[in-house]
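Remarks on the structure that follows.
The values are calculated or read from the model by the stated rules, or taken from the named source; none is laboratory data. It should be emphasised that the depicted structure is a prediction, and the values quoted were computed from it without experimental measurement. Here the Cβ positions follow ideal geometry from the backbone for every residue, glycine too, while neighbour counts run over all protein chains shown. With ligands, DNA and RNA removed, areas are computed over all heavy atoms of the protein, side chains included. Shrake-Rupley method; radii C 1.70, N 1.55, O 1.52, S 1.80 Å.
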Amino acid sequence: MKKYQNFINGKWCDAKSGKTFENRNPANWSEIVGIFPKSGKEDVEEAIKAARTAFEKWRLVPAPKRGDILKTVGDIMSARKEEIAKLMTREMGKVLTETKGDVQEGIDTAYYAASEGRRLFGHTVPSELPNKFNMAMRVPIGVAGIITPWNFPMAIPTWKIFPALLCGNTVVFKPASDTPATATVLVEILAEAGVPEGVINIVHGGGGEVGNAIVGHQEVDLVSFTGSTEIGIKISEMGSKTLKRVSLELGGKNAQIVMDDADLNLALDGVLWGAFGTTGQRCTATSRLILHEKVFDKFMSILVDRTKKLRLGDGLLPTTDVGPCVNEGQRQTDHSYVEIGLKEGAKLACGGDIGKGGDLDKGWFYQPTIFTEVTPNMRIAKEEIFGPVLSVIRIKSLEEAINVLNDTIYGLSSSIYTKNVNDAFRAIRDIKAGITYINAPTIGAEAHMPFGGVKQTGNGHCEGGWTVYEFFSEWKTIYIDYSGGLQRAQIDT
Ligand code: UN1
């Protein structure tokens, strides 16, 4: 069995306490994927010290050179794509085609970051005084604490780490304890590609020990976190004590609207992929279907039929459509929401139980589940479940559909299926979400576009594309007076 380590100041090492934890395969709980260091405050302390020291050199490496290293990172990831995807499926369960997509998202992010090394544009601005030149440029910030979830074990860490490094910051990385193996491979690749010692550090362990130690530390300048709204609020509070810059990517309760004029086959493919792809374990997953009454019965009968045909199983098997939940706790959460939904008066159209029989008994499988007769005020219509549970709400008009869609504390992704161009543009204007898809499901963001949510999904920062480079750098304003005399702004007019 493979024993993994932390990576601090360019060296692989155990937790100082010598403690470890196991990482198991959710499709086959008896299989141990690896043993990892259960780190504590003292390990974090060392990693932050290394990152702080390394920052003074890394910030001076020209951004195009930092970009070249990330280009090499992308090349190595491409060469190892299949192998990394298999490891990822073993440690968190999603099907192999999706784990390959997850690695691909990391590769795309690497190449985008590499090219940004030759941009990182600033501004030149005319001065109000003669013989004077004004400009604003972007500068590195310092040590970045990166705390990531298990559902996109490669893509999400790369969304944060690559721009952090490209901008000249150094990194202390705490991956989710459900997916430490993929995270370790990412760090191996960064080191192999030439990221200098101390610039990237990984510390494995729990949020309570490692995460808190990072967020509470005076010498960490910024924190980027993806996870639950509950933890995000705590991180925000803790980070504010040292006035850290904090980027939060939190919960969602994403909905797909299907209007009566929609291409119903297209909308069916969309909702099946959005709700049950990744076992519903995406921040962007479709957890509500807002369905026009005129097509309700027809759409539901095909949807339920097709959902029942989805094959649960080990994500490594080509016959599997839907993999397991990531762990026992998540499966219990899914089931508890099914019980809540039934108590609230919603009706189960299919699913509603764990996946049983044969190899399914070895892992944390849950049947793809659909609730009908859901009303917008029910908990299953409002709270993030993070599993393969879809709540269907019947509506009569576009206006009602958008009101229902917006009736949540979250605002990450959204979708509408319609052939009516006017309705599509009204939806774009009136839906309160960071992302709106027209005639496409709520999942499937591309690496070079802004990714982020409004309301309680985030705190105003976006990942992805050019926007994330704003987060990982700060502005410095420069005035160059070449008049040879004192020129007093606002006075010598
Ligand atoms: C997430 O679920 O946190 O748009 C990220 C998507 C993926 C990323 C999801 N590209 O569904």
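Listed by position, the helices (runs of 4 or more DSSP H) contained in the stretch 213-312 that have at least 2 residues being at pLDDT 95 or above and within 16 Å of the ligand (Cβ to nearest atom) are 229-240, 264-276. In the stretch 84-104, is there at least one residue being in contact (Cβ under 8 Å) with a residue 40 or more places away in the chain, in a loop (DSSP other than H, G, I, E, B) and surrounded by fewer than 19 Cβ atoms within 10 Å (Cβ to Cβ)? No, the conditions are met nowhere in the stretch 84-104. Can you find even one residue in the stretch 355-368 that is touching a Gly at 6+ places or on another chain (Cβ under 8 Å), without any contact (Cβ under 8 Å) to a residue 40 or more places away in the chain and under 27 Å from D297 (Cβ atoms)? Looking for residues that are touching a Gly at 6+ places or on another chain (Cβ under 8 Å), without any contact (Cβ under 8 Å) to a residue 40 or more places away in the chain and under 27 Å from D297 (Cβ atoms), one finds none in the stretch 355-368, hence no. Residue-level check: of (1) in contact with a Cys (Cβ under 7 Å, 6 or more places away or on another chain); (2) open to solvent by less than 30 Å² (accessible area, probe 1.4 Å), M378 misses just (1). The set of residues in the stretch 148-168 being away from the ligand (no atom under 13 Å from the Cβ) and either surrounded by 24 or more Cβ atoms within 10 Å (Cβ to Cβ) or part of a helix (DSSP H, G or I) (or both) consists of I161, F162, P163, A164, L165, L166, C167. Looking at K356, K362, K432, just one residue is open to solvent by 30 Å² or more (accessible area, probe 1.4 Å), out of contact with any helix residue (DSSP H, G or I) (no Cβ under 7 Å at 6 or more places or on another chain) and more than 25 Å from D102 (Cβ to Cβ), and that residue is K356. Residue check: is I428 among the β-branched types (V, I, T), outside the structural domain of A267 (by TED's automatic domain parsing) and over 17 Å from A285 (Cβ atoms)? Answer is no for this residue. Among the residues making up the stretch 169-198, those that are in contact with a helix residue (DSSP H, G or I) (Cβ under 7 Å, 6 or more places away or on another chain), among the hydroxyl-bearing types (S, T, Y) and either within 26 Å of V33 (Cα to Cα) or in a helix (DSSP H, G or I) (or both) are T179, T182. Taking first residues from the stretch 422-449 that are within 17 Å of A267 (Cβ to Cβ) and within 16 Å of the ligand (Cβ to nearest atom) and partners that are of a type in the set (K, R) and at pLDDT 95 or above, the Cβ contacts under 7 Å between residues at least 6 apart in sequence or on separate chains come to I443/R282. Within the bounds of the stretch 296-306, is there any residue that is within 22 Å of I443 (Cα to Cα), outside the structural domain of I32 (by TED's automatic domain parsing) and under 27 Å from the mean Cα position of the chain (by Cα)? No - not one qualifying residue is present in the stretch 296-306.
Taking the conditions (1) of a type in the set (S, T, N, Q); (2) in the same structural domain as T148 (by TED's automatic domain parsing); (3) within 16 Å of the ligand (Cβ to nearest atom) in turn, S414 satisfies each one other than (2).
Restricting the first member to the stretch 256-284 and to residues that are over 22 Å from T226 (Cβ atoms), and the second to residues that are away from the ligand (no atom under 15 Å from the Cβ) and in a loop (DSSP other than H, G, I, E, B), the beta-carbon pairs closer than 6 Å and six or more apart or on different chains are M259/T418; D261/T418; D261/K419; D261/N420; A262/T418.
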